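Structure first, commentary second.
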Amino acid sequence: MVSLQFKSLDVCFTPAMIHLYDISESVVVVIDVLRATSSICVAFANGVKSIVPVATIEESQQYKSKGFLIGAERNGEMLEGFDLGNSPFSYMDPIIDGRDIALTTTNGTQAIAAAKNAYQIVAGSFLNLTVLSDWLVKQDRNVLLLCSGWKNSFNLEDTLLAGAIVSNVKDHFEFTKMRDAALAAEHLYNIAKHDINGFLEESSHRKRLEKLNIEKDIVHCLTPDSAPVVPGMINGVMVDLLRV
């Protein structure tokens with residue numbers, strides 16, 4: 001197989017910085033390890049038909065009358081009156097099989113909205129790390145790995161996943177066009193990769209979520225390759241691009 005040579009590979013550490021990038025010809029991988037993009041991957045691995053990511057709680061509620069399941073999370077917690085929150089385990093429920101979901105979260109769906117001008121938006125997590133990396137290798141496009149962070153600030157877990165993707169795909173890019181942010185993310189991943197869970201023990205978002213007693217969510221979200229899907233946006237709706 002001939003290795004493709006892409007134009008550039010970069011990492012954006014927070015949606016607040018995305019205005020610095022021309023993404024019109026780029027595949028943007030939105031990353032929210034804890035937990036939005038992880039839960040999105042779990043949903044597609046468990047048969048969901050589509051997900052409409054929306055920015056506000058009100059938008060998600062409006063989809064209820066259209067027959068959608070609706071999901072909402074703010075500050076790590078599921079909101080009253082919604083069918084789903086942001087735990088990957090809630091997206092293993094057979095109720096989602098074949099259904100459409102409208103979802104809003106604190107960080108992940110906001111990052112998807114911030115990337116709206118991209119050539120293509122896909123969701124990345126440790127759960128789809130290998131299949132996503134293989135898919136990116138086939139696209140022949142600039143790639144920007146967009147970390148959702150926490151309310152527009154940097155976080156460790158999203159950067160580690162960005163570094164893991166860089167490590168997997170970098171040989172298929174022109175080295176001179178791999179940006180410093182991508183190199184930094186990969187270096188951080190190489191430090192952490194043998195015990196990512198332990199490395200994140202003191203991270204701010206890990207501490208924030210621990211107060212909600214969802215340690216099992218965290219462990220699951222850091223487990224590679226359990227959801228071999230590539231969720232991507234087509235006409236404002238997210239579907240599994242491996243099935244279209």
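Figures for the structure shown
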{"read-out": "Tabulated pairs, the stretch 14-33, first at positive phi and modelled with pLDDT of 95 or more, second surrounded by 22 or more Cβ atoms within 10 Å (Cβ to Cβ) and basic (K, R), C-beta under 7 angstrom, 6+ apart or interchain", "value": "none"}
{"read-out": "Residue match in the stretch 204-226 (condition: under 13 Å from the mean Cα position of the chain (by Cα), part of a helix (DSSP H, G or I) and crowded, with 18+ Cβ neighbours inside 10 Å)", "value": "yes"}
{"read-out": "Residue check, S60 touching a Ser or Thr at 6+ places or on another chain (Cβ under 6 Å) and either assigned to a strand (DSSP E or B) or not acidic (D, E) (or both)", "value": "yes"}
{"read-out": "Every pair of residues 6+ apart whose Cβ atoms lie under 6 Å, when the first sits in the stretch 176-198 and is farther than 17 Å from V33 by Cβ while the second is among the hydroxyl-bearing types (S, T, Y)", "value": "K177/S8"}
{"read-out": "Count of the stretch 78-89 residues which are closer than 17 Å to S125 by Cα and either outside any loop (DSSP other than H, G, I, E, B) or over 20 Å from the mean Cα position of the chain (by Cα) (or both)", "value": "2"}
{"read-out": "Test: residue in the stretch 130-143 that is closer than 22 Å to I214 by Cα and either crowded, with 20+ Cβ neighbours inside 10 Å or touching a residue at least 24 places away in the same chain (Cβ under 8 Å) (or both)", "value": "no"}
{"read-out": "Verdict on K177 being on the phi > 0 side of the Ramachandran plot and basic (K, R)", "value": "no"}
{"read-out": "Criterion: out of contact with any Phe, Trp or Tyr (no Cβ under 9 Å at 6 or more places or on another chain), hydrophobic (A, V, I, L, M, F, W, C) and in a loop (DSSP other than H, G, I, E, B) - qualifying residue of V229, V244", "value": "V244"}
{"read-out": "Leading residue by the ranking (surrounded by the fewest Cβ atoms within 10 Å (Cβ to Cβ)) among those in the stretch 71-98 that are of a type in the set (G, A, S) and touching a strand residue (DSSP E or B) at 6+ places or on another chain (Cβ under 6 Å)", "value": "S90"}
{"read-out": "Test: residue in the stretch 162-184 that is loosely packed, with under 13 Cβ neighbours inside 10 Å and of a type in the set (F, W, Y)", "value": "yes"}
{"read-out": "The stretch 103-125 - residue that is in contact with a helix residue (DSSP H, G or I) (Cβ under 6 Å, 6 or more places away or on another chain) and part of a helix (DSSP H, G or I) and, of those, surrounded by the fewest Cβ atoms within 10 Å (Cβ to Cβ)", "value": "A114"}
{"read-out": "Selection count where residues are surrounded by fewer than 24 Cβ atoms within 10 Å (Cβ to Cβ), in contact (Cβ under 8 Å) with a residue 60 or more places away in the chain and not polar (S, T, N, Q), scope the stretch 34-64", "value": "3"}
{"read-out": "The stretch 211-228 residues that are under 14 Å from Y91 (Cα atoms), paired with ones that are small (G, A, S) and in a helix (DSSP H, G or I) (beta carbon under 6 Å, 6 or more apart)", "value": "C221/S38; A227/A45"}
{"read-out": "Residue count, the stretch 51-71 (criterion: of a type in the set (A, V, I, L, M, F, W, C) and under 16 Å from the mean Cα position of the chain (by Cα))", "value": "4"}
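The values are calculated or read from the model by the stated rules, or taken from the named source; none is laboratory data. Everything quoted here is computed from the prediction, not taken from an experiment. Neighbour counts run over all protein chains shown; Cβ positions are idealised from the backbone, glycine included.
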